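Reading through the structure tokens given below for one structure.
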């Protein structure tokens, strides 16, 4: 951040010898050169000037990090598997459809790498506290950066999705969720929009309603038909 590349020419034999020696010490030529540049910086410039520059650099870095965080988009997840609970965000798997396909690959053992848990199969994740997760569940729209809110209950065989429009939850059987992902991704070269349409169509009518609703009893039109997942 604000750094530039510095290139120098140096004898190849000498450089290779130093790289090997530094590798034995658990470091690299790049790391050592940066440390030496820091020493040179503090040696050449007065302390007062260094302090002023460092304060400005810190301010610019903080501003850039704040802007990057504000522009960030991510999905929030809760996964229960083998009695363990995992709460985290993922910047890579930002949509419900992506998470569904990830589950399908994991459940069928078709991921390129082996993972001990489903949560471990997600990338670009950040753990969050249970309190933070509950805060999002109360109002998904409290954080405009959130693109999806999903709970996977692998022990119970179901998945719950929060609808950002009204913060209602919809629950599906994991098998139906996996099949919907298969239908969305089975054709090569399809657009993301087409996949999303196919995914939604495959899940239509597959919702699991609350236990107190029977097949013979239709829900009251004035009531929220979306069930809330209780894990």
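Assorted remarks:
- Residue 8 being over 36 Å from the mean Cα position of the chain (by Cα), at pLDDT 95 or above and either assigned by TED's automatic domain parsing to the domain that holds residue 163 or at negative phi (or both): no
- Residue pairs meeting the criteria (Cβ under 8 Å; at least 6 apart or on separate chains; first more than 30 Å from residue 59 (Cα to Cα), in the stretch 1-27; second part of a loop (DSSP other than H, G, I, E, B) and at pLDDT 95 or above): 19/28; 22/28
- Here 178, 160 are screened, and the one residue that is in contact (Cβ under 8 Å) with a residue 24 or more places away in the chain and touching a helix residue (DSSP H, G or I) at 6+ places or on another chain (Cβ under 6 Å) is 178.
- Those helices (runs of 4 or more DSSP H) lying entirely in the stretch 11-83 with at least 3 residues over 30 Å from residue 148 (Cα atoms) and in contact with a helix residue (DSSP H, G or I) (Cβ under 9 Å, 6 or more places away or on another chain): 12-24, 29-44
- Given (1) at positive phi; (2) at pLDDT 90 or above; (3) in contact with a helix residue (DSSP H, G or I) (Cβ under 9 Å, 6 or more places away or on another chain), number of the condition residue 167 does not satisfy: (2)
- Screening residue 105 on (1) surrounded by 13 or more Cβ atoms within 10 Å (Cβ to Cβ); (2) more than 36 Å from the chain's Cα centre (by Cα) shows it passes everything except condition (2).
- Condition check for residue 64 on (1) on the phi < 0 side of the Ramachandran plot; (2) within 23 Å of the chain's Cα centre (by Cα); (3) free of Cβ contacts under 8 Å to residues at least 60 places away in the same chain; (4) exposed (fewer than 15 other Cβ atoms within 10 Å of the Cβ): one failure, at (3).
The values are calculated or read from the model by the stated rules, or taken from the named source; none is laboratory data. Here the structure is a predicted model, which is why all the values come from computation and not from measurement. Neighbour counts are summed over all protein chains in view; Cβ atoms, including those assigned to glycine, are modelled from backbone coordinates with ideal geometry.
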